[in-house]
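Below: the structure, in structure tokens.
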Amino acid sequence: RLNIGKITTGSKSLDELLGGGVETKTITEFFGEYGSGKTQICHQLSVNVQLTPEKGGLNGRAVYIDTEGTFRWERIEAMARALGLDPDKVMDNIYYMRAYNSDHQIAIVDELFTFVPKNDVKLVVLDSVTSHFRAEYPGREHLAERQQKLNSHLHQLMRLAEAYNVAVVVTNQVMARPDVFYGDPTTAVGGHVLAHTPGVRVQLRKSKGNKRIARVVDAPHLPEGEVVFVITEEGIRD
Ligand code: GTP
Ligand code: MG
């Protein structure tokens, strides 16, 4: 656990749940239903990684791999302004990449092994890691093949995190209600995709209004229990 860096989420209680923030040299998976805040957290971390270490950042740049087309520069601008940062500089320090299918997504990650060390990147976001794989390998009959491809992709991401001391953050949408479970364990509640990869798994749930609940699963080294955070105009906060 040498030289591990931590990136603040913007919420002190969420940071504490994660042992101080999102860590480098590992994968952190945020999983939860639609609207639970996965994409907002990814935007916030892409801004916060640029902060100085005193302010919870790593003086680094972010790579944002978007598979669903839900990235918004305006949101980055608002979050940067809220922190008193120059929005244009903050946007310059985010390398946006759109992945159009799973093969493209895998090829982008391959290229990151040369791109990341050359560009002071300290955070790689993959929002979402599962959507293309689910669309291209649908149903039970493709489950084994899909899971195998995903596992090898995740191992590649883990090597990237370890090799260059970067934080890798992935998202995974799961269904809200277990009664609509069609036998696919990766879409069920708690059916996080990192089951066979080391890393930190954070479940997000919707609460009243802009409140969200986070819980870390299967991490003996992290505090148990749940924390509440909010999604405001400024971004992720306590
Ligand atoms: P899926 O990708 O559909 O699975 O959802 P997600 O988990 O990525 O949800 P996301 O992070 O997109 O969270 C959506 C929620 O964030 C919305 O319901 C809004 O409450 C909030 N949100 C998104 N954009 C803004 C914004 O610009 N301002 C504020 N105040 N809230 C926002
Ligand atoms: Mg999203």
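What follows draws every value from the coordinates through simple rules; no lab data is involved. The structure presented is a predicted model; accordingly, all values stated were derived computationally and were not measured. Using ideal geometry, Cβ is built from the backbone for each residue, glycine included, and neighbour counts are taken over all protein chains shown.
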Among the listed pairs Lys55/Lys211; Lys25/Lys89; Lys55/Lys122; Lys55/Lys89; Lys38/Lys206; Lys25/Lys118, those beyond 21 Å (Cα-Cα)
Lys55/Lys211; Lys25/Lys89
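If we sort 21-32, 144-155 on the protection proxy, mean other Cβ atoms within 10 Å, highest first, what's the order?
21-32, 144-155
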To the nearest 0.05, what FRET efficiency results for Asp238 and Glu145 with a Förster distance of 35 Å applied to their C-beta separation?
0.25
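Evaluate Rg over Rh across the stretch 41-87, taking Cα atoms for both radii and Kirkwood's formula for Rh. Could you put the intermediate results ahead of the total?
Numbers: Rg = 10.7 Å, Rh = 11.0 Å.
Rg/Rh for the stretch 41-87 comes to 0.97.
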Ordered by residue, what ³J(HN,Hα) values in Hz, to whole numbers, does the stretch 89-98 give under the Karplus form 6.51 cos²θ - 1.76 cosθ + 1.60, where θ = phi - 60° and Gly and Pro are x?
5, 4, 5, 4, 8, 10, 8, 8, 9, 9
Compute and list, largest first, the equivalent-ellipsoid semi-axes of the stretch 1-125 from the alpha carbon gyration tensor, each √(5λ) rounded to a whole angstrom.
21, 17, 16
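If I take R0 = 30 Å and measure r between the Cβ atoms of Ser13 and Asn59 in this structure, what FRET efficiency does the formula 1/(1 + (r/R0)^6) give, to the nearest 0.05?
On the way: r = 25 Å, r/R0 = 0.82.
E between Ser13 and Asn59, to the nearest 0.05, is 0.75.
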Rounded to two decimals, what is Rg over Rh for the chain when you use alpha-carbon atoms and the Kirkwood radius?
0.94
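What does the charge count around Glu162 come to, taking other residues whose C-beta lies under 13 Å from its C-beta (Lys +1, Arg +1, Asp -1, Glu -1)?
Numbers: positive: Arg1, Lys25, Arg159; negative: Glu23.
My count for the surroundings of Glu162 gives +2.
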What fraction of the DSSP beta bridges in the chain is antiparallel, stated in percent and rounded to the nearest 5?
35 percent
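May I ask for the net charge around Ala80, where only other residues with Cβ less than 14 Å from the Cβ of Ala80 are counted and Lys, Arg are +1 while Asp, Glu are -1? Present the calculation step by step, with values, prior to reporting the outcome.
Working: positive: Lys55, Arg61, Arg72, Arg75, Arg81, Lys89; negative: Glu74, Glu77, Asp86, Asp88, Asp92, Glu233, Glu234.
Net charge around Ala80: -1.
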Give me the number: length gained by fully extending Tyr100 to Ile213, i.e. 0.36 nm times residue separation minus the C-alpha to C-alpha distance, one decimal in nm.
37.6 nm
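How much net charge surrounds Ile213 when only the other residues with a Cβ under 9 Å from the Cβ of Ile213 are counted, with Lys and Arg +1 and Asp and Glu -1? Could you put the intermediate results ahead of the total?
Values: positive: Arg205, Lys206, Lys211, Arg212, Arg215; negative: Glu226.
Summing Lys and Arg as +1 and Asp and Glu as -1 gives +4.
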How big is D, in µm² s⁻¹, for the stretch 78-150 by Stokes-Einstein at 4 °C and 1.567 mPa s if Rh is the Kirkwood radius over C-alpha pairs?
89 µm²/s
